[in-house]
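To start, the structure under review is shown below, and the notes come after it.
Each value in this text was obtained by applying a stated rule to the coordinates, not by laboratory testing. All values reported here derive from a predicted model rather than from experimental measurement. Cβ coordinates were reconstructed from backbone atoms using ideal geometry, including for glycine residues, and neighbour counts include every protein chain displayed.
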Amino acid sequence: MHPHHDYRLGAVSGMAAAVLYTATNIGLRYATEVDPFLVAAVKAVPTLVGMLPVLFLYRHAGKTLICNRQYLPRFMLVSLVGQVVGNTGFQIALKHVGLSIAVPITLGVLIIGSAWFGKWLLGESIGARKIVSMVLLISAVIILSVASDSSSQDSVAGVDASGSVQEKSPLLGAFCAAASGLAYSAFGVVMRQTMHSGVSLPMTLFISGAIGTLALWFLTLGLGGVTAIQSVTSSQWGVMAAAGLLNFSAFVSLSAALRSLPAVAVNLINASQVAMAAAAGWFLFDESKGGWFWIGLGLTLAGLIVLATGKRRESSSAMDVRTGPDVASGPDVASGPDVASGPEVSSASDPSRHSLAGASASKP
């Protein structure tokens, strides 16, 4: 294909991913009346089902899915954390602080956590650009938490679609958003470590989806019983299922973008998610915010852009020495279906590229 066509396809795919991730979050925002464990459980199913044909194609082509099980126990543990704490925490945050605050706090903490987990587990360096980005993002998270609390008098209670009153705790929402971002960051870094050790991307996604589906459905039934399921309306089931499908579709689109564009370009396109979330919260859910919110939003965008525009370093990472061969950039992953060459593969072949694009795709 002509290079210009590749760039156009990459740009379209990158923007499609940002839009699809935003649409996913809008769907989740509409489902805040439902038990958050149930919402996360339904969201996990499409990834599990979607990876089954990919695994079949891999096996049919004679490709290796797992050649080293060293990090699988650790990955299974962080998959559980990412699915339960990450997805459920984000859903709780959407209920208490809304879309416009939950998304930037989660994404900001995700980037900060990825840098520190990357240094701790993968031996990645934290340069001046990352430090500046983290300072901006930490400031943004603090200011957005203040913004959520300052707006509490206007949003202590809301009325849901059925007319019942929903009590809201802005500080709880901010805390859950931060916990969600931290869980996502741990999941993303350990996922990369597991892939470097010899586990293919399709298998890691399947394992994560299977663990999430089983654990979240168990928690749904254990904590809420059958009543939690019976009380869900058909429209709510539709919204949750659509959010799960959109989330999986966004990952595939982001994978295609990273095959055609440099990670820096995809990072910048992905940063638009923060602005889209703010716009959606404002126009669709009447999440009107004051001056602190706009300052925090601006700092979030600034931090993401500083990180995204960093120059790619050619030096190899210490991770290649500590975790063995770079399996993720080998034929078992890179030559597979589109979903198998997603953002984590691009990040794995050069850990310095793991910024916003890779982090966005690190949500289980």
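As an exercise, take the mean of 1/r over every pair of distinct alpha carbons in segment 171-295, invert it, and state the Kirkwood radius in angstroms. Write down the numbers at each step before the final one.
On the way: mean 1/r = 0.0552 Å⁻¹.
By the Kirkwood definition, the hydrodynamic radius is 18.1 Å.
Once R0 is set to 22 Å, what does the formula 1/(1 + (r/R0)^6) return for the Cβ-Cβ distance between Ile126 and Ile305, expressed as a FRET efficiency to the nearest 0.05?
Values: r = 18 Å, r/R0 = 0.81.
About 0.80, to the nearest 0.05.
Taking neighbour counts of Cβ atoms within 10 Å as a proxy for exposure, in what order, fewest first, do Ile111, Ile26, Ile131, Ile66 appear? Walk me through the intermediate numbers first.
On the way: Ile111 27, Ile26 22, Ile131 12, Ile66 16.
Listing Ile111, Ile26, Ile131, Ile66 from fewest to most nearby Cβ atoms yields Ile131, Ile66, Ile26, Ile111.
Using θ = phi - 60° and the Karplus relation 6.51 cos²θ - 1.76 cosθ + 1.60, list the HN-Hα couplings for segment 62-77 in order, rounded to whole Hz, with x at every Gly or Pro.
Couplings: x, 8, 7, 8, 9, 10, 7, 9, 4, 9, 4, x, 5, 5, 4, 5 Hz.
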